[in-house]
Each structure stands twice: as C-alpha cells, then as structure tokens.
Amino acid sequence: MREGHNGTGPGAITPDGCAVELYSRLPVGDEPEIITAAVPPRAHILELGSGVGRITHALLDRGFTVTAVDESAEMLERVRGARTIRGPIEDLALEETFDVVMLASFLVHNADAGLRRKMLRACARHVADGGCVLIQREGAHYHCDVPRERVDPAGFTVRIVSCEPVADGVDSVRAQYEFPDAVWTQTFRSRSLTDEQFEEALTEAGLERESWLTQDRMWVRAVRTAE
C-alpha cells in the first residue's frame, strides 16, 4: 500500500486504496460523451489508469480503439475488448504513439509532485503529432465542501467523510461507498491545483492547455508544446 493510502471492504484492494469489486459496480458517468466530443471518430486512445474498464468499455462501444494501462492485475482482469498493459503510468515507455492519451480519475492531483510530473511526461511522450491529451481535474470545491454525500440513481451512497491537511497543499481524503450489501472506504492523498498551478504543471511536462472541455474546467484538452 502506498504511503497515505488505504482501502477497506470486500475483495482485492490496489496499492492506492481502490477496491476492485467497488469499481466494477460503479456506473459510467458523462465521461464518454465528453471524450467523444473532443477527439476524432475511431481514434486510438491510450487510457492511463483504466482500472476495471468503466470508461474503456463505453469508449469501445463508441467505435474507439483503446489500449488500457493499469498497475493492478486484478483491475485489468475485468477489462474486455481492449489491449491491456500492466505497469506504473510514470514508467510507461512504449515504442508507439497514440491519437489520444487520457489521464482521468483525478490522477493529475497525485500528492507527490514528482510523480505527477512523470505521469504528465508519459502523456507527452506517447501522444502522436497532431494528437491530444485529455486530463480530468478535481472540481473547484472538492477539498472544502466536506463532509458531503450524494445518493446515486443506481442505489448506493457516496460520502466524502473527511479532508484533512497533511502537508502544504496536500490533503488526506477519506471516501465511503455504501451499497445495500457492502461498504467500501478509500483513503488517499490529493494535491489541490489552481488553474495557474495546473497550467504550470503542464508546461513542466512539455504540454500546454488547448481548451477547457467542460464549463467547470474539470476536463481539459492539452497538446504537446511546439519545439
């Protein structure tokens, strides 16, 4: 288990505290529609941190080709119809590039700034000329509107139970997912990023923001910086 990360509940737990069975139950949201509107039809997408394929499968259904990367073998066992690669995102060095590279699930908010930099550089070195990088960010009030909860239409409750500072700009976040037959928790560390800090992080990795894809600025389209 990574420092500052933990998870409880039935089934396998990954090093960052994610429960495989939980993520197999979570429904896909509006991510496929946002991605589809931002990239060419039938693009080849490199999905970094695919998990069980929650978004992967929806993209395959829309005609995209997906290469799914995750460090958890248990997560990748749930992925169907896509090429899968097991390994840390930050160390990925494939001898190929892709139309689209996607870094979702708020991975850009990794508490370790050095690790975040390596992840973004992995995005930059795998995107093809003329391609793009899609990044999902946390919402503006993610770290301050706590505790909070919502009841999903699928019949489970998601709670952000606590968000406590542990270092400069880094919070320890504890989430709980309550289903009628099971409860999972995940504790992880997250570094909040202002728009300016986020764009500085892109610049460090040889990327630049091309556009905000959603009004709340949670989804971003970036491109490689011109040399």
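The set of residues in segment 156-192 being within 26 Å of Ser24 (Cα to Cα), among the aliphatic types (A, V, I, L, M) and either touching a strand residue (DSSP E or B) at 6+ places or on another chain (Cβ under 6 Å) or modelled with pLDDT under 95 (or both) consists of Val158, Ile160, Val161, Val173, Ala175. Entry remark, segment 28-56: residues being closer than 22 Å to Asp152 by Cβ, within 15 Å of the chain's Cα centre (by Cα) and of a type outside the set (S, T, N, Q) number 13 in total. Being surrounded by 14 or more Cβ atoms within 10 Å (Cβ to Cβ) and not hydroxyl-bearing (Ser, Thr, Tyr) is a property that does not hold for Gln215. Checked against (1) closer than 30 Å to Gln215 by Cβ; (2) open to solvent by less than 60 Å² (accessible area, probe 1.4 Å), Phe179 meets all criteria but (1). Here Leu107 fits the description: among the aliphatic types (A, V, I, L, M) and either in contact (Cβ under 8 Å) with a residue 60 or more places away in the chain or within 23 Å of Gly4 (Cβ to Cβ) (or both). In this structure, Arg189 does satisfy being under 16 Å from the mean Cα position of the chain (by Cα) and either touching a residue at least 24 places away in the same chain (Cβ under 8 Å) or on the phi > 0 side of the Ramachandran plot (or both).
Listed by position, the strands (runs of 3 or more DSSP E) enclosed by segment 154-213 that each have at least 3 residues that are within 24 Å of Gly17 (Cβ to Cβ) are 157-167, 170-179, 182-191. If we keep just the residues of segment 22-36 that are in a helix (DSSP H, G or I) and of a type in the set (Val, Ile, Thr), which is surrounded by the fewest Cβ atoms within 10 Å (Cβ to Cβ)? Selected residue: Thr36.
Of everything listed in (1) among the hydrophobic types (A, V, I, L, M, F, W, C); (2) within 18 Å of Arg209 (Cα to Cα); (3) under 13 Å from the mean Cα position of the chain (by Cα), the single unmet condition for Val100 is (3). Among the residues of segment 1-21 satisfying the criterion of being touching a strand residue (DSSP E or B) at 6+ places or on another chain (Cβ under 6 Å) and polar (S, T, N, Q), which is surrounded by the most Cβ atoms within 10 Å (Cβ to Cβ)? Taking the candidates together, the pick is Asn6. Look at segment 113-129: where a residue is modelled with pLDDT of 95 or more and a partner is assigned to a helix (DSSP H, G or I) and open to solvent by 10 Å² or more (accessible area, probe 1.4 Å), sitting 6+ places away or on another chain with Cβ atoms under 7 Å, you get Leu115/Glu90; Arg117/Glu204; Lys118/Glu90; Met119/Ile89; Met119/Glu90; Met119/Leu107; Ala122/Ile89; Ala122/Glu90. For segment 4-21, the set of residues classified as part of a loop (DSSP other than H, G, I, E, B), touching an Asp or Glu at 6+ places or on another chain (Cβ under 9 Å) and within 20 Å of Asp70 (Cα to Cα) consists of His5, Gly11, Ala12, Thr14, Pro15, Asp16, listed by residue number.
I'd like to check something: does segment 34-45 contain any residue that is in contact (Cβ under 8 Å) with a residue 24 or more places away in the chain and under 19 Å from Pro15 (Cα atoms)? Checked against the condition, which is being in contact (Cβ under 8 Å) with a residue 24 or more places away in the chain and under 19 Å from Pro15 (Cα atoms), segment 34-45 yields no hits at all.
The values are calculated or read from the model by the stated rules, or taken from the named source; none is laboratory data. Predicted model only: the values in this text are computed from it and were never measured. Counting neighbours? That spans all protein chains shown, and the Cβs are built from the backbone with ideal geometry, glycine included. Note: areas computed on protein heavy atoms with side chains; ligands, DNA, RNA excluded. Shrake-Rupley method; radii C 1.70, N 1.55, O 1.52, S 1.80 Å.
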